[in-house]
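**Student:** One structure is given below, represented as structure tokens, and several questions about it will come after.
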Amino acid sequence: IGGEVATGITDVAIQSTSQIATATVPVSAAQTVMSNLLPGEGVDNSKNREMVLNLNVDTKETTDTSVTYEIGVTADLTYTDNTGAVQQSTTDVHELSEFMTATVKIPSGLDDVTVTHSGNAMEKMASATATPTNVNGGYYYDSYDGTLTIKSKTFSPFKVSYYLPELEVIWWWGAERQTYPKMSLSTEKYYPDTVVNLQVGQMLPIQSRLMI
């Protein structure tokens with residue numbers, strides 16, 4: 001974001017190197033961050049000022065029923081001071097004046113998804129576009145495509161808890177119900193909405209699918 005923002009733009013993307021997460025922040029909140037980072041005096045306002053917000057996402061911990069993400073934002077600021085020298089800095093952003101919207105890709109089809117932020121329960125929103133009324137922010141999980149939307153003004157850590165649906169074994173001559181142990185979200189090759197074909201010996205093809 002620069003010193004001037006084009007008319008009609010309400011949100012700016014936060015630069016992300018993560019393969020599972022993206023985020024946006026209202027322009028006004030980004031401008032507030034820039035204003036707070038710029039020194040009160042000593043800035044040549046006739047020169048361009050630029051700030052890039054960076055989204056940092058790390059998986060801190062995984063269990064059979066939860067995953068904890070460290071989500072943080074840093075600001076890269078560039079401006080020219082009154083001496084004509086270009087100044088650059090990188091600063092951790094601890095709090096925003098408005099909600100950041102982060103989307104995180106997790107497996108689809110999970111049950112009872114809840115999110116806590118630094119140990120505090122976040123509000124379960126009615127949709128991804130809703131605005132949280134809880135000061136701790138809110139979340140919305142789309143079980144169809146596995147998109148988890150988190151809205152927060154502060155960062156790290158976010159703990160996502162869930163239950164995996166049980167599996168039912170379907171034999172070629174009929175259905176025989178059998179419950180499998182819960183699989184962990186950290187098991188990279190398992191996705192709840194994926195049909196898995198199994199083979200028992202050479203004669204009994206079976207198929208695992210999710211119970212509905």
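The values are calculated or read from the model by the stated rules, or taken from the named source; none is laboratory data. Note that this is a predicted model, so its numbers are computed, not measured. Counting neighbours? That spans all protein chains shown, and the Cβs are built from the backbone with ideal geometry, glycine included. In case anyone asks, the SASA skips ligands and DNA or RNA and just uses the protein heavy atoms, side chains included. Shrake-Rupley method; radii C 1.70, N 1.55, O 1.52, S 1.80 Å.
**Student:** Out of the GluC sites (Glu not before Pro) in the stretch 47-121, which ones are loop residues according to DSSP with at most 15 other C-beta atoms within 10 Å?
**Tutor:** Taking the stretch 47-121 and a limit of 15 other Cβ atoms within 10 Å, no loop GluC sites (Glu not before Pro) are found.
**Student:** Taking the Cα centre as origin and putting +1 on Lys and Arg beta-carbons and -1 on Asp and Glu beta-carbons, what dipole magnitude results for the stretch 39-146, to the nearest 20 debye?
**Tutor:** Here the stretch 39-146 has a charge dipole of around 160 debye.
**Student:** With all protein chains present, how much of the accessible area of the stretch 46-118 (probe radius 1.4 Å) comes from carbon and sulfur, to the nearest whole percent?
**Tutor:** 41 percent
**Student:** Using a ≥ b ≥ c from the Cα gyration tensor of the stretch 61-134 (square roots of the eigenvalues), is it rounded, prolate or oblate, where a/c under 1.5 gives rounded and otherwise the larger of a/b and b/c decides, a/b for prolate?
**Tutor:** In terms of gyration-tensor shape, prolate.
**Student:** Quick check: residue separation of Asn48 and Ser97 times 0.36 nm, minus the Cα distance between them. What number comes out in nm?
**Tutor:** 15.3 nm
**Student:** I would also like to ask the following. Using a simple charge model, +1 on the beta-carbon of Lys and Arg, -1 on the beta-carbon of Asp and Glu, nothing else, what dipole does the stretch 63-126 show about its Cα centre, in debye to the nearest 20?
**Tutor:** In total the dipole reaches around 120 debye.
**Student:** Give the accessible surface of the stretch 1-130 per residue, rounded to a whole number of Å², with probe radius 1.4 Å and ligands, DNA and RNA excluded.
**Tutor:** Result: 55 Å² of accessible area for each residue.
**Student:** Stretch Asp142-Asn120 to full length: gain in nm at 0.36 nm per residue minus the Cα-Cα span?
**Tutor:** Answer, rounded to one decimal: 5.8 nm.
**Student:** Sticking with this one: So if we plug the beta-carbon distance of Gln31 and Ala130 into 1/(1 + (r/R0)^6) with R0 = 30 Å, what FRET efficiency do we get, rounded to 0.05?
**Tutor:** It comes to 0.80.
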